[in-house]
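See below for the structure under consideration.
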Ligand SMILES: Cc1cc2nc3c(=O)[nH]c(=O)nc-3n(C[C@H](O)[C@H](O)[C@H](O)COP(=O)(O)OP(=O)(O)OC[C@H]3O[C@@H](n4cnc5c(N)ncnc54)[C@H](O)[C@@H]3O)c2cc1C
């Protein structure tokens, strides 16, 4: 499947039917779905990483970096919710993931390490490849980066970093997320120059065990960083700062709750929605039911609500509801949460609402204005971690392909500048707002289109729908 790297000059233009840019979860699931469909197709997946199906999230090597949902919630098969549970059961039966034995819960309720989830995706891809080969389809993994794309009369042409060119009938941007900690261009504060990458386990391990660690950002990325520090034997104080100082709630297994939004189709504005959600949560609590039950019914409505909203309503959501949504909806897996609670209890971890005003990289000092204060103060640490999450605005990402696509007018920013604009079926809109019909996107680049477009379930659904579309059109 993987093709040898030649590194030689100007090879001939090679041809494919579908070229997928990015072989993380999105690109891999798309390839998997395409391979299963009838018809012979040449699929090329360009991904610099050595393994497909992993991307940032599922390349994790720490066992404590787990999925944030249990196996029952994280199937990559949109029509088979038990697929991951069955795969996991078989993996455990073969002696895999022995550490799970300490957890006395059914397999469906286990929160697998993300690295293991990557293996699950890879094995499902390998099975699809056998089906595809029987249909005459092929899949090639080209280990490189696409640095430019042009649309032609007959399709698209991609230029890779090593100079090679591929021509295909259609191309799909499955380029995933651009971590804020690595987007140099937009970074005026100097934070990235001074801070460590939260997913660079080796860099976190290299910190002295008694280091006073400052972390900017208090979401799930911060919980990953705590896990890595803990594994590295860190014993020093950890100070977390974020604008609202909100921590992710822990994910529990709430019971079912009536889908109240399907009964109230007129409920549209973010503030109305929030009011009703709070009312439902209060109702649940009155009945002794977990408040997470009503909240979990909202998920299936998000794409509809966001795509139907006006720009003003979307802005209202981002300004007033987003921090609350992030901490309540993007919840922490139990293992990460237990660590967080232990550190808080021990007094080693403090979390404060503060906005960052500047960085003095020489002395590892950050300038913070605490919430409710007018004066900023300097805070000094021995280590600094940027856990501010993801940069969704492609205009601020210092990478060749986003830059080229914008320059060529092949893409335009999505709603509120989040990701890129596309039609409901994933065809990317050009600078004039016209769907190009040869260039598609899926996953995190469609954040502006659907708001929630990154989780396993979002990506799995999109992969299946897009594969069906591509199979008809190409
Ligand atoms: C740390 C982390 C943990 C997460 N945990 C969960 C979770 O527990 N549950 C959940 O539901 N979701 C989770 N997510 C969200 C979601 O599942 C992932 O973001 C998912 O990996 C998205 O897949 P992707 O392929 O679109 O993006 P990515 O995983 O970012 O992969 C994109 C790939 O594209 C490649 N690429 C980019 N540009 C180019 C180019 N120009 N040429 C060639 N290749 C390129 C990159 O090398 C990368 O491998 C997590 C995300 C992160 C970052």
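Taking the fewest neighbouring Cβ atoms within 10 Å as the starting point, the ordered list for 102, 61 is 102, 61. For the range 240-273 and the range 309-356, write down the distance between their C-alpha centroids in whole Å. Answer, in whole Å: 12. Max-minus-min Cα coordinates of the range 134-178 on each principal axis give 35, 27, 21 Å, with the largest extent listed first. Over the chain, the hull volume per residue, using the convex hull of the C-alpha atoms, is 170 Å³. Pairs of Cα atoms in the range 151-280 fall into 10 Å distance bins, from 0 up to the last occupied one, in shares of 9, 23, 21, 21, 22, 5, 0 percent. Each Cα pair under 8 Å and six or more residues apart adds its separation to the average, and for the chain the resulting relative contact order is 21 percent. Put in order of Cβ neighbour count within 10 Å, fewest first, the listed residues 442, 449 become 449, 442.
Quick one: plug the Kirkwood hydrodynamic radius of the range 289-397 (C-alpha pairs) into Stokes-Einstein at 4 °C, 1.567 mPa s, and report D in µm²/s. Mind showing how you got there, number by number?
Working: Rh = 17.7 Å.
My calculation gives 73 µm²/s for D.
Using a 10 Å cut-off around each Cβ, can you sort 278, 212 from fewest to most neighbouring Cβ atoms?
Details: 278 13, 212 16.
Result, fewest neighbours first: 278, 212.
Taking every DSSP bridge with both residues inside the chain, close to 45 percent are antiparallel.
Could you compute the FRET efficiency for residue 396 and residue 352, with r as their C-beta to C-beta distance and R0 at 30 Å, rounded to 0.05? Before the final figure, lay out the partial values.
Numbers: r = 27 Å, r/R0 = 0.89.
That pair, residue 396 with residue 352, gives E of 0.65.
Taking a ≥ b ≥ c as the square roots of the eigenvalues of the Cα gyration tensor, the range 1-118 is prolate, since a/c reaches 1.5 or more and a/b is larger than b/c. Treating the angle as unsigned and between 0 and 90°, give the value, to the nearest 10°, between the Cα long axis of helix 25-36 and the longest Cα principal axis of the chain. Relative to the chain, helix 25-36 is tipped by roughly 40 degrees. When Rg and the Kirkwood radius Rh are both evaluated on Cα atoms of the range 270-329, their ratio Rg/Rh stands at 0.99. Helix 114-135 and the longest principal axis of the Cα set of the chain meet at an angle near 20°.
We did not get these values from a lab; they are worked out from the coordinates using the rules stated. From a predicted model like this one, the values you see are computed outputs, not experimental measurements. So basically every Cβ, Gly included, is an ideal-geometry build from the backbone, and we count neighbours across all protein chains shown.
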